[in-house]
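Beneath this line is the structure, given in structure tokens, with notes to follow.
The values are calculated or read from the model by the stated rules, or taken from the named source; none is laboratory data. Computed from a predicted model, the values in this text were never measured in an experiment. Heads up, the Cβs are rebuilt from the backbone with ideal geometry, glycines too, and the neighbour counts pull from every protein chain shown. Calculation scope for accessible area: heavy atoms of the full protein, side chains included, ligands and nucleic acids excluded. Shrake-Rupley method; radii C 1.70, N 1.55, O 1.52, S 1.80 Å.
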Amino acid sequence: RKTLTVMSQLAERRGDLPRSIAYADTAVALHRAAGDMRGAARALSYRSRAKLKADQRPEALADARAARSLTADPIYLLDAVVAEGKALHAMDRAREALTVFNEAERLAMGLGNAGMVGMMQMRQADLLASLGEHEAANTKLKRYMHLQDSCRVESSTREVTRAEMNLAFAKEQLADSLENVRSKELAERDHAMLGTKLQGELTYRHFGDAVR
């Protein structure tokens with residue numbers, strides 16, 4: 001079932017919309033038969049996207065709303081809500097699309113999906129501008145820009161942290177290496193001292209035997 005859903009998504013990305021829709025049809029049926037409503041919701045969301053690209057706008061909207069009705073899981077619900085917003089936008093129902101994209105933004109925030117939050121903010125800004133609400137559009141754009149800046153800072157922080165961890169690991173390896181070298185040197189010194197001591201004892205014995 002999951003394989004068919006993935007195949008539907010891949011076919012949609014390739015532009016093979018009839019095949020994408022056919023795969024999704026089968027996936028939805030199989031998921032429903034197995035009682036997997038989350039899986040059915042995801043397959044419906046992908047089918048909605050394919051139908052929208054095929055210019056089947058009312059059908060795309062119907063699939064997105066059907067997907068929404070099947071699950072409350074925010075991960076799967078987000079796919080459905082975004083699909084619904086896109087279908088409404090394509091049908092020139094800007095005010096409704098704006099409300100749905102705002103809902104998608106909140107869901108994405110709850111999931112910590114910064115990329116999707118930014119996308120939804122940009123879509124809302126475009127819709128607000130098209131509705132003549134330029135001040136609200138600018139506010140959304142500012143939030144989007146602030147999000148980008150925050151992501152850059154977070155990314156830089158992660159890079160610094162990673163570099164510090166790598167440096168600490170390198171130092172630890174160097175310390176281990178130096179310790180190994182020191183242990184080897186001490187072992188070689190002890191071995192040499194033992195050899196010298198044994199040689200001295202052998203010489204003493206030979207000398208004693210000669211005297212006797």
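Some notes on this structure:
- Criterion: open to solvent by less than 70 Å² (accessible area, probe 1.4 Å) and modelled with pLDDT of 95 or more - qualifying residue of Leu98, Leu4: Leu98
- For Met119, the criteria (1) within 25 Å of Ile75 (Cβ to Cβ); (2) modelled with pLDDT of 95 or more hold in every case but one, which is (2).
Here is a yes/no grid of residues against (1) among the hydrophobic types (A, V, I, L, M, F, W, C); (2) over 16 Å from Glu105 (Cα atoms); (3) open to solvent by less than 60 Å² (accessible area, probe 1.4 Å):
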| residue | (1), (2), (3) |
| --- | --- |
| Tyr46 | no, yes, yes |
| Lys53 | no, yes, no |
| Gln56 | no, yes, no |
| Asp63 | no, yes, yes |
| Arg68 | no, no, no |
| Ile75 | yes, no, no |
| Ala83 | yes, no, yes |
| His89 | no, no, no |
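- Test: residue in the range 129-144 that is part of a helix (DSSP H, G or I), open to solvent by less than 70 Å² (accessible area, probe 1.4 Å), at pLDDT 85 or above and closer than 24 Å to Lys51 by Cβ: no
Per-residue answers, yes or no, for (1) more than 29 Å from Ala125 (Cα to Cα); (2) under 23 Å from the mean Cα position of the chain (by Cα); (3) not charged (D, E, K, R):
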position	(1), (2), (3)
Tyr23	yes, no, yes
His31	yes, no, yes
Ala62	no, no, yes
Ala80	no, yes, yes
